[in-house]
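Heads up, the thing below is written out as structure tokens.
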Amino acid sequence: MTVDHHPFEATLLAYASGHLPEGLSLAVATHLAWCAECRDAVDAAETVAGLLLAQGPQAECSDALLARTLGALDRRPQPSHQPPPAPRQAFLQELKMPQPLQGYVQRLDRARWRWLAPGVEQIPLIGRTGGGGTVRLLRVRPGMRMPLHGHCGSELAVVLSGAYEDELGRFARGDLADHGEEVTHQPRSDLREGCVCLIATDRPLRFSTPLLRLVQPMLGI
């Protein structure tokens, strides 16, 4: 599989250093499962960070702190037996989701598509955060043109199946679109396959039409 669109370097560095929010990190991890080029970039960033950390001054640790830490490790709870996850619905199995995403879907009792707009369905994975961000699976019927919109923060979109096109190009399976506040676009799903994407944001979207701004709080986007 050829991956043509990747996160910006700053996004990969933030991921490698642990500074991305959970939702954006999930999007990057999903992309990394398909993209060897970005995996190598993250590995290099983590190696450099480890070398810098090793060369820094060592912090002193008191005997009391060491004893408490070792004691806490000895007292850590033993893993309890967990029942096997329920079989995923057929549409989720067909997606062949990368491992980082599977755990988020499996923890949902009954993952099913919910109506979001005509021709658009969603499965919320992470609810609204303090900044207004969300993480969801989005399924768009073939040839559907989404409303023109911008972003109040960051949005990472990973294509899981099908494809879509917008002002920035064509995005297919494995591609990641890294959108900031400067991006305004109007995606259209593939005419034959439609599109299923993982969409992660850290702020709400910014719509240009008054009607969409009015219903936006109810839609949770």
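The values are calculated or read from the model by the stated rules, or taken from the named source; none is laboratory data. Note that this is a predicted model, so its numbers are computed, not measured. Here the Cβ is made from the backbone with ideal geometry for all residues, glycine too, and neighbour counts use every protein chain on show.
A residue that is hydrophobic (A, V, I, L, M, F, W, C), closer than 28 Å to Ile126 by Cα and touching a strand residue (DSSP E or B) at 6+ places or on another chain (Cβ under 8 Å) occurs somewhere in segment 27-34.
Among the residues of segment 150-176, those identified as under 16 Å from Ile221 (Cβ atoms), buried (at least 20 other Cβ atoms within 10 Å of the Cβ) and either free of Cβ contacts under 8 Å to residues at least 40 places away in the same chain or not charged (D, E, K, R) (or both) are Ser154, Leu156, Ala157. Per the listing His19, His5, His31, the residue uniquely closer than 20 Å to Arg203 by Cα and either assigned to a loop (DSSP other than H, G, I, E, B) or touching a Leu at 6+ places or on another chain (Cβ under 8 Å) (or both) is His19. In this structure, Gly71 qualifies as more than 35 Å from the chain's Cα centre (by Cα), more than 18 Å from Glu9 (Cβ to Cβ), in a helix (DSSP H, G or I) and of a type outside the set (A, V, I, L, M). Here the strands (runs of 3 or more DSSP E) wholly within segment 120-193 that include at least 3 residues being modelled with pLDDT of 90 or more are 120-126, 135-140, 155-166, 169-172, 176-179.
With respect to the conditions (1) within 16 Å of Glu121 (Cα to Cα); (2) crowded, with 17+ Cβ neighbours inside 10 Å; (3) at pLDDT below 90, Met218 lacks only one, and its number is (2). Kindly indicate the residue of segment 35-89 that is modelled with pLDDT of 80 or more and of a type in the set (Lys, Arg) and also farthest from Gly18 (Cα to Cα) among those meeting that condition. Once the filter is applied, the top-ranked residue is Arg68. Within segment 177-199, the residues that satisfy the criterion of being surrounded by fewer than 18 Cβ atoms within 10 Å (Cβ to Cβ) and within 20 Å of Glu9 (Cα to Cα) are Gly180, Glu181, Glu182, Val183.
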